[in-house]
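The values are calculated or read from the model by the stated rules, or taken from the named source; none is laboratory data. Since this is a predicted model, take the numbers as computed values, not measurements. All Cβ positions, even for glycine, are placed from backbone atoms using ideal geometry, and neighbour counts span all protein chains on display. Ligands, DNA and RNA are stripped out before the accessible areas are found, and what is left, the full protein with its side chains, is counted by its heavy atoms. Shrake-Rupley method; radii C 1.70, N 1.55, O 1.52, S 1.80 Å.
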Amino acid sequence: MVLFEQQDFLAQTLANPTNSLPFEQRTLDNGTQIRLLDTGIVEVQPAAPQGKNIVLSCAVHGNETAPIEIVNQLLNDILSGSVVCQHRLLLLMGNPQAMVAGTRGIEENMNRLFSGAHSKGVDSLNRERARAKQLEQAVKSFFEAGEGERFHYDLHTAIRDSKREKFAVYPFRHGKPWRKEQIRFLAGCGVNTILLSHSPTTTFSYFSSNEFGADAFTVELGKVKPFGQNDMSRFEACLAQLRLLVANEPLMMPELSESVVFDVAQVINKHSEDFRFTFSDDAANFSEFAPDTVLANEDGNAIRVGDKAESIIFPNANVAIGQRALLTVVPTEIGTDFE
Ligand SMILES: [Zn+2]
C-alpha cells in the first residue's frame, strides 16, 4: 500500500479511529515528503522549506465537518501536485473517534483540555484527554524541529446560527501586541470578525500561542453540517488562502478596515446546576443585549450586561460545573495595542 493512494487522509482516519497507525512516509515527484505520524496526524516536509511552520487542525470537535473537508482537500491538492507545499506543515484531525460517531466529543469537550488540562485532577486519561495530550506532543515536536515563524489555525464550525457567519478568537497574548497582518490574513480567509481574548484558557490555539509563540487562532467558519451537506462554496475563500499560504504565494490581504474587532467583555462560568439563561436556547451568536440586561440567573444571583451593550458568543447552559457557559463581547478599535 502506498500512503494515501488507496485511501485519502479523511477515509484513512475514519477507518482507523482507535488504532495507533505505524509511521509511514512517501516522497512525491516534486520532492515533498508526506509523513503519517499517527491516526489523523500528517506532516508535510517540503524539499526546500521556506521558513514558516504551519499547523492546521480540524475536528477537535468531531462533527465539525467543513474544516475536515478543507484540510483533506488541501492534502489531496498537495498529493496530486496541484499545490506545491513550500512550508513545513502539520495537519491534524483532532478527534477521530468523535468524527466516526458524528458527535462533538465522546466523553468531553476536547477544546478545554490543552495546556496540560488533560492530566489535571484525573488518575487515568479518557479518550479526549489522551488525544489532547498526543496532539500537544505532535505540535511541540513539529514546532521545535523547524526554524522560523510559527502559525496554528484551529478550524471549527459552530453549533448555532451566528449574526456574523465567520469569526476567529485571538487567544490572550499576555500583553504582546495583536498583529494586524494576521487580522488581514484571516479577512482573506473570509473571516472578518475577530474576538480579542484577555485571559488564559485551555483551548488548542491558546496552547500554541502561549507555549510556542505561534500566531494562533480558533477559527469559526460557519454552522455545523453532516458530511456531504456542506456548501463548500462558503469555504472557498478559506481553502484558497490556505493553498496560497502553504505554496508561499502572495496572500489575499484585505485592508484592516474590512475587519471588525471585539474585546471579550465577560467570561461567564457555570457554578451551579441552577444556572439558567434568560434568552432562548437557540439565540444566535452575536445577538446583542442592552446595558444592564440580565443574561442569566444562578443561585438567586442575576448575571448582567455591563454599562455598554454586549453581544453573546457560545452560550451553553449544559456545560459541566466550572466550565464556561457564555462569552460576551463589545466592539473595540484597532489601536495602539496592535502592531
Ligand atoms: Zn468547534
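For Phe143, Phe227, the ranking by accessible surface with the largest value first comes to Phe227, Phe143, using a 1.4 Å probe. Pairs of Cα atoms nearer than 8 Å and 6+ residues apart set the relative contact order; for region 108-213 it is 37 percent. Dividing the convex hull volume of the alpha-carbon atoms in region 142-194 by its residue count gives 123 Å³ per residue. Evaluating 6.51 cos²θ - 1.76 cosθ + 1.60 at θ = phi - 60° for every residue in region 30-41, the Karplus couplings come out as 7, x, 5, 9, 10, 10, 7, 8, 5, 3, x, 10 Hz, glycine and proline recorded as x. In the chain, the calculated helix contribution to ellipticity at 222 nm averages -7000 deg cm²/dmol per residue, counting -39,500 (n - 2.57) for every DSSP H run with n ≥ 4. Close amide-amide hydrogen proximity is noted between Asn63 and Thr103, Arg104, each under 5 Å apart and 5 or more residues distant or on a separate chain (H modeled in the peptide plane; Pro and chain starts excluded).
Heavy-atom accessible surface of Asp337, to the nearest 10 Å², is about 80 Å², with a 1.4 Å probe and all protein chains retained.
When every Cα-Cα distance of region 148-252 is counted in 10 angstrom steps from zero, the calculated P(r) takes the values 14, 46, 33, 7, 0 percent. Between amide H atoms placed 1.01 Å from N, distances below 5 Å from Thr193 occur with Ala168, Val260, all of them 5 or more places distant or on a separate chain.
Take Glu288: with every protein chain present and a 1.4 Å probe, its accessible area is about 130 Å². At a Cβ-Cβ separation cutoff of 4.7 angstrom, cysteine residues of the chain with no neighbouring cysteine are Cys58, Cys85. The portion of the accessible surface of region 66-119 made up by carbon and sulfur, rounded to a whole percent, is 44 (1.4 Å probe; DNA, RNA and ligands excluded).
The value given for region 7-70 is a Kirkwood hydrodynamic radius of 13.2 Å, derived from the mean inverse Cα-Cα separation.
Label sites at Ala309 and Thr332, each approximated as a point 7 angstrom past Cα along Cα to Cβ, lie 2.0 nm apart.
Of the accessible area of region 265-332, computed with a 1.4 Å probe over protein heavy atoms only, carbon and sulfur atoms account for 45 percent. Straight Cα distances below 20 angstrom link Lys270 to the aspartates and glutamates Glu107, Glu108, Asp281, Asp282, Asp292, Glu298, Asp299, Glu310, with same-chain residues fewer than 8 positions distant left out. When its C-alpha radius of gyration is set against 2.2 N^0.38 Å (N residues), region 265-332 gives a value of 1.01. Using the Cα coordinates of region 201-283, the gyration tensor eigenvalues translate into equivalent-ellipsoid semi-axes of 31, 21, 15 Å, sorted from longest to shortest. Note on the chain: along the principal axes its Cα atoms extend 64, 46, 36 Å, ordered by decreasing extent.
A simple rule links phi to the HN-Hα coupling: the Karplus curve 6.51 cos²θ - 1.76 cosθ + 1.60 with θ = phi - 60°, which for region 254-269 gives x, 4, 4, 5, 6, 10, 10, 10, 10, 8, 5, 8, 9, 10, 9, 9 Hz, with x for Gly and Pro.
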